[in-house]
1. Obtain the nm distance between the two label points defined at Asn102 and Asp145 by a simple spin-label model: each point lies 7 Å from its Cα along the Cα-to-C-beta direction.
2. List the equivalent ellipsoid semi-axes of the chain in whole Å, largest first, each obtained as the square root of 5λ for an eigenvalue λ of the Cα gyration tensor.
3. Compute the distance in nm between two label points, each set 7 Å from the Cα along the Cα-to-Cβ direction, one at Gln82 and one at Asn52.
4. Which cysteines in the chain lack any other cysteine whose Cβ sits under 4.7 Å from their own Cβ?
5. Do any chymotrypsin sites (Phe, Trp or Tyr not before Pro) in region 1-91 lie in a DSSP loop with no more than 13 other beta carbon atoms within 10 Å, and if so, which?
6. Heavy atoms only, probe 1.4 Å: what % of the accessible area of region 7-129 goes to carbon and sulfur, would you let me know?
7. Residue by residue through region 121-128, which ³J(HN,Hα) values in whole Hz follow from phi under the Karplus form 6.51 cos²θ - 1.76 cosθ + 1.60 (θ = phi - 60°), with glycine and proline marked x?
8. For region 75-86, take each phi angle, set θ = phi - 60°, evaluate the Karplus expression 6.51 cos²θ - 1.76 cosθ + 1.60, and give the result in whole Hz per residue in order, putting x for glycine and proline.
Amino acid sequence: YTLAGSLSTGTGLWTASGPGSAVFTNPADPQSSVSVDMYGVYTFTWTETTVNCSSQDVVEISFNSDPQLSGAILETCTPDGQDYTVSFTITAGQQPYFVSGNVGGVVNGSTYTSDLIPSGTPYNFEVFDILGCGPLTIVGQETCDCISDAGDLDLTPLAVCEDETATVAASPNAI
(Lines give C-alpha, C1' and ligand atoms only; values in the text may rest on other atoms or scores of the structure.)
Protein backbone atom coordinates (compact mmCIF):
# COMPACT_ATOMS: atom_id res chain seq x y z
CA TYR A 1 0.00 0.00 0.00
CA THR A 2 1.29 3.51 -0.79
CA LEU A 3 0.88 6.06 1.98
CA ALA A 4 -0.15 9.62 1.10
CA GLY A 5 1.65 11.86 3.58
CA SER A 6 3.17 15.25 2.81
CA LEU A 7 6.24 17.06 4.08
CA SER A 8 6.01 20.82 4.54
CA THR A 9 9.45 21.58 6.02
CA GLY A 10 12.03 19.68 8.02
CA THR A 11 12.12 15.90 8.14
CA GLY A 12 9.51 13.25 8.64
CA LEU A 13 9.23 9.63 9.72
CA TRP A 14 6.52 6.96 9.49
CA THR A 15 5.86 4.60 12.40
CA ALA A 16 3.22 1.88 12.68
CA SER A 17 1.33 -0.21 15.18
CA GLY A 18 -1.03 -3.09 14.50
CA PRO A 19 -1.51 -6.83 14.84
CA GLY A 20 1.67 -7.63 12.88
CA SER A 21 4.82 -6.01 11.56
CA ALA A 22 4.85 -3.20 9.01
CA VAL A 23 7.77 -2.67 6.63
CA PHE A 24 8.26 0.67 4.85
CA THR A 25 10.24 1.00 1.62
CA ASN A 26 11.55 4.30 3.05
CA PRO A 27 10.11 5.45 6.39
CA ALA A 28 11.41 9.01 5.77
CA ASP A 29 9.40 9.29 2.52
CA PRO A 30 5.92 10.75 3.11
CA GLN A 31 4.63 8.62 0.21
CA SER A 32 6.45 5.44 1.18
CA SER A 33 5.01 2.05 0.35
CA VAL A 34 4.23 -0.22 3.27
CA SER A 35 3.57 -3.94 3.52
CA VAL A 36 2.26 -5.90 6.48
CA ASP A 37 2.69 -9.53 7.48
CA MET A 38 -0.77 -9.95 9.03
CA TYR A 39 -4.29 -8.83 8.09
CA GLY A 40 -6.01 -6.34 10.36
CA VAL A 41 -6.20 -2.65 11.27
CA TYR A 42 -2.93 -0.71 11.49
CA THR A 43 -2.29 2.81 12.77
CA PHE A 44 0.32 4.77 10.81
CA THR A 45 1.79 7.93 12.30
CA TRP A 46 3.65 10.52 10.21
CA THR A 47 5.80 12.67 12.50
CA GLU A 48 7.33 15.82 11.03
CA THR A 49 10.15 17.62 12.85
CA THR A 50 11.38 21.16 12.13
CA VAL A 51 14.12 22.61 14.37
CA ASN A 52 12.45 22.50 17.83
CA CYS A 53 8.91 21.82 16.62
CA SER A 54 7.21 18.52 15.97
CA SER A 55 3.75 17.58 14.66
CA GLN A 56 1.97 14.34 13.85
CA ASP A 57 -0.82 13.01 11.71
CA VAL A 58 -2.41 9.59 12.14
CA VAL A 59 -4.24 7.33 9.72
CA GLU A 60 -5.83 3.92 10.27
CA ILE A 61 -5.76 1.43 7.40
CA SER A 62 -7.46 -1.94 7.31
CA PHE A 63 -5.59 -4.69 5.42
CA ASN A 64 -8.05 -7.36 4.34
CA SER A 65 -7.66 -10.85 2.96
CA ASP A 66 -8.80 -11.68 -0.57
CA PRO A 67 -11.47 -14.39 -0.85
CA GLN A 68 -9.97 -17.90 -0.80
CA LEU A 69 -11.17 -21.31 -1.95
CA SER A 70 -12.01 -23.71 0.88
CA GLY A 71 -11.81 -27.36 -0.09
CA ALA A 72 -12.37 -28.87 -3.50
CA ILE A 73 -14.22 -27.57 -6.53
CA LEU A 74 -17.17 -29.94 -7.07
CA GLU A 75 -18.23 -30.68 -10.64
CA THR A 76 -21.49 -32.66 -10.55
CA CYS A 77 -22.94 -34.20 -13.72
CA THR A 78 -26.68 -34.49 -14.24
CA PRO A 79 -28.08 -38.06 -14.41
CA ASP A 80 -28.33 -37.90 -18.22
CA GLY A 81 -24.70 -36.75 -18.56
CA GLN A 82 -25.66 -33.79 -20.75
CA ASP A 83 -24.85 -31.02 -18.25
CA TYR A 84 -23.01 -30.35 -14.99
CA THR A 85 -22.88 -27.80 -12.19
CA VAL A 86 -19.88 -26.34 -10.37
CA SER A 87 -19.94 -25.58 -6.66
CA PHE A 88 -17.29 -24.33 -4.26
CA THR A 89 -16.98 -22.82 -0.81
CA ILE A 90 -15.41 -19.41 -0.25
CA THR A 91 -13.55 -18.36 2.90
CA ALA A 92 -11.61 -15.27 3.99
CA GLY A 93 -12.49 -11.88 2.65
CA GLN A 94 -15.76 -10.46 3.90
CA GLN A 95 -19.29 -11.63 3.03
CA PRO A 96 -21.33 -11.19 0.97
CA TYR A 97 -19.37 -12.57 -1.96
CA PHE A 98 -19.99 -11.74 -5.61
CA VAL A 99 -19.25 -14.24 -8.39
CA SER A 100 -19.14 -13.36 -12.08
CA GLY A 101 -18.16 -15.47 -15.06
CA ASN A 102 -19.30 -17.10 -18.27
CA VAL A 103 -22.09 -18.98 -16.44
CA GLY A 104 -24.68 -17.70 -13.97
CA GLY A 105 -25.26 -19.11 -10.52
CA VAL A 106 -26.18 -18.39 -6.92
CA VAL A 107 -24.12 -17.58 -3.82
CA ASN A 108 -25.77 -18.90 -0.66
CA GLY A 109 -23.74 -17.68 2.32
CA SER A 110 -20.23 -18.85 1.44
CA THR A 111 -21.18 -21.54 -1.12
CA TYR A 112 -21.51 -20.86 -4.85
CA THR A 113 -23.46 -23.18 -7.17
CA SER A 114 -23.50 -22.57 -10.91
CA ASP A 115 -26.38 -22.90 -13.30
CA LEU A 116 -26.26 -25.94 -15.62
CA ILE A 117 -23.25 -26.00 -17.95
CA PRO A 118 -23.26 -28.20 -21.08
CA SER A 119 -20.88 -31.16 -20.72
CA GLY A 120 -17.45 -30.31 -22.16
CA THR A 121 -17.96 -26.54 -21.90
CA PRO A 122 -15.25 -24.68 -19.95
CA TYR A 123 -16.16 -22.42 -17.04
CA ASN A 124 -14.44 -19.43 -15.45
CA PHE A 125 -15.47 -17.48 -12.38
CA GLU A 126 -14.09 -14.47 -10.50
CA VAL A 127 -14.96 -14.03 -6.83
CA PHE A 128 -14.91 -10.68 -5.02
CA ASP A 129 -16.01 -9.79 -1.50
CA ILE A 130 -18.11 -6.83 -0.31
CA LEU A 131 -14.95 -4.70 0.02
CA GLY A 132 -13.94 -5.38 -3.60
CA CYS A 133 -11.06 -7.62 -2.54
CA GLY A 134 -10.14 -10.27 -5.09
CA PRO A 135 -10.40 -11.70 -7.54
CA LEU A 136 -10.22 -15.36 -6.70
CA THR A 137 -10.18 -16.95 -10.17
CA ILE A 138 -11.63 -20.41 -10.71
CA VAL A 139 -11.41 -22.11 -14.12
CA GLY A 140 -12.02 -25.63 -15.35
CA GLN A 141 -14.02 -27.95 -17.55
CA GLU A 142 -15.94 -31.18 -16.96
CA THR A 143 -16.80 -33.78 -19.57
CA CYS A 144 -19.52 -36.01 -18.21
CA ASP A 145 -19.67 -39.71 -19.02
CA CYS A 146 -22.07 -40.55 -21.81
CA ILE A 147 -25.10 -42.22 -20.29
CA SER A 148 -26.84 -44.73 -22.58
CA ASP A 149 -28.23 -48.23 -22.51
CA ALA A 150 -27.52 -50.13 -25.69
CA GLY A 151 -29.11 -53.21 -24.24
CA ASP A 152 -27.63 -56.69 -24.23
CA LEU A 153 -26.10 -58.30 -27.29
CA ASP A 154 -25.28 -61.94 -27.88
CA LEU A 155 -21.58 -62.37 -27.12
CA THR A 156 -21.15 -65.26 -29.58
CA PRO A 157 -18.62 -64.21 -32.28
CA LEU A 158 -20.01 -63.83 -35.81
CA ALA A 159 -18.10 -64.82 -38.92
CA VAL A 160 -18.97 -62.66 -41.94
CA CYS A 161 -17.27 -62.46 -45.32
CA GLU A 162 -16.55 -59.09 -46.84
CA ASP A 163 -19.40 -59.25 -49.35
CA GLU A 164 -21.99 -60.32 -46.73
CA THR A 165 -24.17 -58.22 -44.40
CA ALA A 166 -24.27 -58.94 -40.68
CA THR A 167 -27.47 -58.32 -38.73
CA VAL A 168 -27.47 -58.14 -34.94
CA ALA A 169 -30.64 -57.75 -32.94
CA ALA A 170 -30.66 -55.66 -29.79
CA SER A 171 -32.56 -56.79 -26.74
CA PRO A 172 -35.96 -55.22 -26.03
CA ASN A 173 -34.56 -53.12 -23.13
CA ALA A 174 -32.25 -51.07 -25.43
CA ILE A 175 -32.66 -47.31 -25.68
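The values are calculated or read from the model by the stated rules, or taken from the named source; none is laboratory data. These numbers come from a predicted model, not from an experiment. Note that we place each Cβ from the backbone using ideal geometry, even for glycine, and neighbour counts take in every protein chain shown. When the accessible area is computed, the model is the full protein with side chains, heavy atoms only, and any ligands, DNA or RNA have been set aside. Shrake-Rupley method; radii C 1.70, N 1.55, O 1.52, S 1.80 Å.
1. 2.6 nm
2. Numbers: eigenvalues 876, 47, 25 Å².
Ellipsoid semi-axes (Å, largest first): 66, 15, 11.
3. My value for the distance between the label points is 8.8 nm.
4. Lone cysteines by the Cβ rule: Cys53, Cys133, Cys146, Cys161.
5. Numbers: sites: Tyr1, Trp14, Phe24, Tyr39, Tyr42, Phe44, Trp46, Phe63, Tyr84, Phe88; in loops: Tyr1, Tyr39.
Answer in residue order: Tyr1.
6. On the way: 3530 of 6810 Å².
Using a 1.4 Å probe with all protein chains present, region 7-129 comes out at 52 percent carbon and sulfur.
7. Each residue of region 121-128 in turn: 8, x, 10, 8, 10, 10, 10, 10 Hz.
8. Each residue's phi maps through the Karplus curve to give 10, 10, 7, 6, x, 7, x, 7, 9, 8, 10, 10 Hz.
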